[in-house]
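Worksheet: the structure to be examined is printed underneath.
The values are calculated or read from the model by the stated rules, or taken from the named source; none is laboratory data. What you see is a predicted model; the values in this text were computed from it and never measured. Virtual Cβ from ideal backbone geometry, glycine too; neighbours counted across all protein chains shown. Calculation scope for accessible area: heavy atoms of the full protein, side chains included, ligands and nucleic acids excluded. Shrake-Rupley method; radii C 1.70, N 1.55, O 1.52, S 1.80 Å.
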Amino acid sequence: MADERKVAIVTGASQGIGAGIVEAFRDLGYAVVANSRNIRPSQDEGIATVAGSIADRNVAASIATTAVERFGRIDTLVNNAGIFIAKPFVEFTEEDFRNAIDTNVAGFFHITQFVATQMLRQGFGHIVQMTTTLVDQPQAGVPGSLAALTKGGLDAITRSLAIEYATAGIRVNAVAPGIIRTPMHAGDPLDELAKLHPVGRLGEVEDIVDAVLYLERSTFVTGETLHVDGGQHAGRW
Ligand SMILES: NC(=O)c1ccc[n+]([C@@H]2O[C@H](COP(=O)([O-])OP(=O)(O)OC[C@H]3O[C@@H](n4cnc5c(N)ncnc54)[C@H](OP(=O)(O)O)[C@@H]3O)[C@@H](O)[C@H]2O)c1
């Protein structure tokens with residue numbers, strides 16, 4: 001029966017970390033609703049795609065509705081869509097600010113409201129966001145204050161919702177990546193970026209996928225931000 005198959009929603013799913021998470025959930029037998037602005041329809045019957053900006057409340061509603069109407073339930077929401085704009089603080093434009101708030105914050109808020117409503121009805125669910133280790137460990141030379149502002153909010157609300165939903169069967173967690181080799185860093189000096197990690201290498205998409213899958217199966221873990229950053233959050237090196 002379709003309703004017995006687990007169902008995950010992944011935002012920002014067309015490339016990079018999001019695409020890796022979609023593949024991993026499909027390998028586990030989940031049906032997946034995948035979103036990004038430019039995502040294409042899938043030939044896989046277990047993947048429904050919803051194109052559009054996650055900042056748009058109507059798109060968020062459509063993603064949640066698609067999951068329930070097509071697959072019958074929502075087990076997991078991965079709030080992965082996000083942007084990173086690196087600039088000294090006083091050089092951010094109003095457009096930078098709006099884009100970061102829209103994608104990183106509104107893009108979490110709308111879909112999570114719709115999905116949590118469904119999860120409360122079901123009595124189970126798991127919500128995971130992508131933050132960044134820069135929230136806890138800013139680095140000289142990586143001007144990430146706008147990421148700290150927006151992803152820091154996601155980090156905080158992870159614990160807030162974990163407590164709010166602790167007795168409702170809904171777990172809420174986050175993954176805080178270091179620098180991961182994805183199209184986000186196409187054109188960046190990867191050898192130099194690798195040196196920004198104590199272990200001396202970049203993260204790979206699989207490193208983040210492993211963390212999401214760990215959180216997915218760890219039923220005693222909620223309110224956790226799991227750092228997957230080659231040791232960056234541990235201190236100076
Ligand atoms: N890579 C890193 O080093 C790193 C480090 C820390 C945190 N993260 C976080 O990890 C997440 C994934 O990063 P990534 O490196 O895989 O990024 P990426 O390669 O740039 O991919 C971003 C994905 O998000 C989608 N997207 C962007 N804006 C969107 C919007 N408004 N609505 C819906 N989808 C949108 C993009 O597809 P479309 O263009 O089709 O919309 C794409 O699928 C992000 O939240 C990022 O902040 C990444």
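Here are the numbers for the structure shown:
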| quantity | calculated |
| --- | --- |
| Failed criterion for Asn38 (all others in (1) in contact (Cβ under 8 Å) with a residue 40 or more places away in the chain; (2) in a loop (DSSP other than H, G, I, E, B) hold) | (1) |
| Output for the range 83-110, where each listed residue is within 13 Å of the ligand (Cβ to nearest atom), more than 17 Å from Glu164 (Cα to Cα) and open to solvent by less than 30 Å² (accessible area, probe 1.4 Å) | Ala100, Asn104, Ala106, Gly107 |
| Residues (within 11 Å of the ligand (Cβ to nearest atom), part of a helix (DSSP H, G or I) and surrounded by fewer than 21 Cβ atoms within 10 Å (Cβ to Cβ)) located in the range 197-208 | Val205, Asp207 |
| Within the range 113-140, considering residues that are free of Cβ contacts under 8 Å to residues at least 40 places away in the same chain and within 15 Å of the ligand (Cβ to nearest atom), the one surrounded by the most Cβ atoms within 10 Å (Cβ to Cβ) | Leu134 |
| Members of the range 209-237 found to be surrounded by 17 or more Cβ atoms within 10 Å (Cβ to Cβ) and either of a type in the set (Ser, Thr, Tyr) or not in a helix (DSSP H, G or I) (or both), listed by number | Thr222, Glu224, Thr225, Leu226, His227, Val228, Asp229, Gly230 |
